[in-house]
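One structure is given here, and the rest of the page talks about it.
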Amino acid sequence: MRLRILSGLGLLAAATILSGCDSQPSTVKLADTKADAAAKLKASKVAKAQFAAKIKANELGQIPVLMFHRIIDKPGSTDDRTPQQFRADLERLAREGYVPITAAEMVTGKIDIPAGKHPVVLTFDDSSPSQLTLNEVGVPAPNTAVAILQEVAAKHPGFRPKATFYVTRDMFGKTVPEEQAQTLVWLKDNGFDIGNHTRDHINLRGRSQKEVEEQIGSIGKQINSLTHINPVTIALPYGNQPSKREWALHGGKLYNHQGAFLAGYTPAASPFSKAFDPVGIPRIKVMEKKGDCKQFCSEAWLDWLKTNPDMIYTSDGDVSTVAYPKFKTPYLRKAFVKWSLPY
Ligand SMILES: [Zn+2]
């Protein structure tokens, strides 16, 4: 409020006020009455809602969470993408108004992207060297996932180079603790998100609670000892949940995740929607519309979201509000009522 009044006085006057005396002039305080403030707040909320309506913001819409594995020249299976394919995947996302956010940002509702843009979560499983290998001075090797993501982001202003890496004991092919630390700390320092993918990449279905906690807790501890961070989310190997689904999220003092990601087959619900289930968040395999992927992989879903724009999450550009068409109000999670901006 005060800043707005100051800016009206012109730069020179403002500079005099800021540097010339200790207290604010009384005229500024008088103008800043409570009634005035309330009226302005209401007006700004109306203006925000009008803006949200204009750009068709829908922060209760769906978010594609894309699942990548290796980025290699000679794919060994349909889980792998070539560098060329991966570049094209990212180019399409940039062209269609998507902005990458991390899995941690998604599950905690910190979706801070420009108005009119759609969040997409890029996830990489199994901590393979094809995702990130650093040279002797800490620069990602050409054609690794991280290098390609950074290149595409540099070409498309606003396309954030953000992604989540789900780590197992494979640690990007590094066996020496110092090298593991270099790689994981590089990710952390460059704004990437590190998630848990269990130590030995085992199928957690049918395992005892002790085994589940050991598998998740031990790699979590290793990540913490190398980077001093605790993963916010986990991706379940093969998408298989343990007997009690909550074991993936909470493991006594060992770990406390805010989201567990699966391995199929639909876009995910917005974290602000009642449809959001932190214990089982779906992901989408990245693959063209063919074979098993005719309907439920990335090309098919991105096509579907493009032709159903009312279904997709569209940001209003304001991270402090949850904007959506009023008709969708019944789907708003109670925890977010305070931030709601229906229009
Ligand atoms: Zn995996």
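The values are calculated or read from the model by the stated rules, or taken from the named source; none is laboratory data. The structure displayed is predicted, hence computed values, not measured ones. Cβ: placed from backbone, ideal geometry, glycine included. Neighbour counts: every protein chain shown. For accessibility, only protein heavy atoms count, side chains too; no ligands or nucleic acids. Shrake-Rupley method; radii C 1.70, N 1.55, O 1.52, S 1.80 Å.
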Original post:
Residues of the range 62-120 being hydroxyl-bearing (Ser, Thr, Tyr) and closer than 21 Å to Ser130 by Cβ, which ones?
Top reply: Ser77, Thr78, Thr82, Thr102
Original post:
When you go through (1) in contact with a Ser or Thr (Cβ under 6 Å, 6 or more places away or on another chain); (2) more than 30 Å from Pro242 (Cβ to Cβ) one by one for Val337, which number turns out not to apply?
Top reply: (1)
**OP:** Please state which of the following conditions Lys210 fails to meet, knowing it meets all the rest: (1) in contact (Cβ under 8 Å) with a residue 24 or more places away in the chain; (2) over 22 Å from the mean Cα position of the chain (by Cα).
**Re:** (1)
**OP:** Using the structure shown, decide if Asn230 is within 15 Å of the ligand (Cβ to nearest atom) and either surrounded by fewer than 18 Cβ atoms within 10 Å (Cβ to Cβ) or without any contact (Cβ under 8 Å) to a residue 24 or more places away in the chain (or both).
**Re:** no
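Here is a yes/no grid of residues against (1) away from the ligand (no atom under 16 Å from the Cβ); (2) open to solvent by 30 Å² or more (accessible area, probe 1.4 Å); (3) in a loop (DSSP other than H, G, I, E, B):
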residue: Thr266; (1), (2), (3): yes, yes, yes
residue: Pro271; (1), (2), (3): yes, no, yes
residue: Ala275; (1), (2), (3): yes, yes, yes
residue: Val279; (1), (2), (3): yes, no, yes
residue: Phe296; (1), (2), (3): yes, yes, yes
residue: Glu299; (1), (2), (3): yes, yes, no
residue: Trp304; (1), (2), (3): yes, yes, no
residue: Pro309; (1), (2), (3): yes, yes, yes
